[in-house]
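Colleague: Encoded as structure tokens, here's the structure I'll be asking about.
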Amino acid sequence: MFSHRGMVPRPSFPSFLAGMGRKGGPLPGAPRPAPKLKSPREITLMREAGRVVAKALDRVRELAVPGATTADMEDAVAAVFREHDALPLFLGYPSTDKGKPPFPAVICASVNHHVVHGIPNRRPLKAGDIVSIDTGCKIGSWCGDSAVTLAIGEISPDVQKLLDVTSESLNLAIRAMARCRYWSEVASLMERYVKSQGFYVIEKFVGHGIGQDMHEEPQVPNFVSKPLLKNDIRLEPGLVLAIEPMVAMGTKEVRTLDDGWTVETKDRRPSAHFEHTVAMTLDGPRVLTYLEDQAVTPAASQATGPELPPTPDRDKQP
């Protein structure tokens, strides 16, 4: 992760903290490393890890019923990873907070107002709950990372809208990557769409590059800030990003609980989290964490979201 005050020596897990905050950014004078671009062969290898992550989350969907527990989901994902000789990326990940234990599970399981980094437990889920499951694995030398928020039984219409908007924010970003040149254009679409629906983009956490390491440059915010515009991300072939919008119902402000990991909204109202690993190729974006390969079709305009804002200054960038 990255903190609002600058880059920490070792990234914390599993989502970067937004050094891209509205007023934050890298330490003065510190150059931001260039993204590690992947070859077509390497992207194909990453697809294998992504497919296994998709299978694991598909198994979780089957368990998303009243009475199930997040510990059940943990066991199911761990079993899928064992079946495919995949290394769990989250289990044992060290905390950057001195004295805090490493992450103890294969999945993050965040229920209702918990945003990210929730620890699985044996509490039965009940109808009306939502649960965000985030997980990743490595096969060979390459990583995959994905997340989904699931409804448990029947949920209220406003919470269902929260899930729909967060999921659409991610899908909108993937489609927009097919026609945008820089990430700031995509982030602007995501932010404006979420706000237009009456929700809040959580800014403390952002996505990240991914490859042989789970966390690589660049930071991938779901909103536009001055630091992003200053260090914009060119959407070029070989770039692989873990894109993960987190959206809240009542506030973007969050806090970490005493376990050192679980992050919740300060008003304790629900939040949602969706994520895919996406590669830019010569043919456009390719989602590596779909269960089955799907084409990404760019749209001239987004029917469900705002139009792409003009960015004439983008053409002045190298």
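The values are calculated or read from the model by the stated rules, or taken from the named source; none is laboratory data. Nothing here was measured: the structure is a model prediction, and the numbers come from that model. Here Cβ is always computed from backbone atoms with ideal geometry, including for glycine, and neighbour counts include all displayed protein chains. For the accessible areas, the whole protein counts, side chains as well, though only heavy atoms, and no ligand, DNA or RNA atoms are used. Shrake-Rupley method; radii C 1.70, N 1.55, O 1.52, S 1.80 Å.
Colleague: If you wrap a convex hull around the alpha carbons of the range 114-190, what volume per residue comes out, as a whole number of Å³?
Modeller: Looking at the range 114-190, the number lands at 142 Å³ per residue.
Colleague: So, with +1 on the Cβ of K and R and -1 on the Cβ of D and E, and no other charges, what is the size of the charge dipole of the range 76-233 about its Cα centre, to the nearest 20 debye?
Modeller: Using Cβ point charges on Lys, Arg, Asp and Glu, the range 76-233 gives about 260 debye.
Colleague: If one computes P(r) from the Cα atoms of the range 126-256, what percent of pairs lie at distances over 17 Å? Intermediate results must be reported in sequence, preceding the final value.
Modeller: Details: 5235 of 8515 pairs.
Beyond 17 Å sits 61 percent of the P(r) for the range 126-256.
Colleague: Kirkwood hydrodynamic radius, computed over distinct alpha-carbon pairs, for the range 225-265: how many Å, to one decimal?
Modeller: Every distinct Cα pair counted, the radius reaches 13.6 Å.
Colleague: On alpha-carbon atoms, Rg over Rh for the range 254-295 using Kirkwood Rh?
Modeller: Numbers: Rg = 16.7 Å, Rh = 13.4 Å.
Reported Rg/Rh (Cα atoms, Kirkwood Rh): 1.25.
Colleague: Determine the per residue accessible area of the range 113-160 with all protein chains present and a 1.4 angstrom probe, expressed in square angstrom.
Modeller: So the range 113-160 comes to 35 Å² accessible per residue, rounded to a whole number.
Colleague: Related question: Mind checking the range 48-136 for trypsin sites (Lys or Arg not before Pro) that DSSP puts in a loop (not H, G, I, E or B) and that have at most 15 other Cβ atoms within 10 Å?
Modeller: For trypsin sites (Lys or Arg not before Pro) across the range 48-136 that sit outside H, G, I, E and B with at most 15 neighbouring Cβ atoms in 10 Å, the list reads 98, 122, 126.
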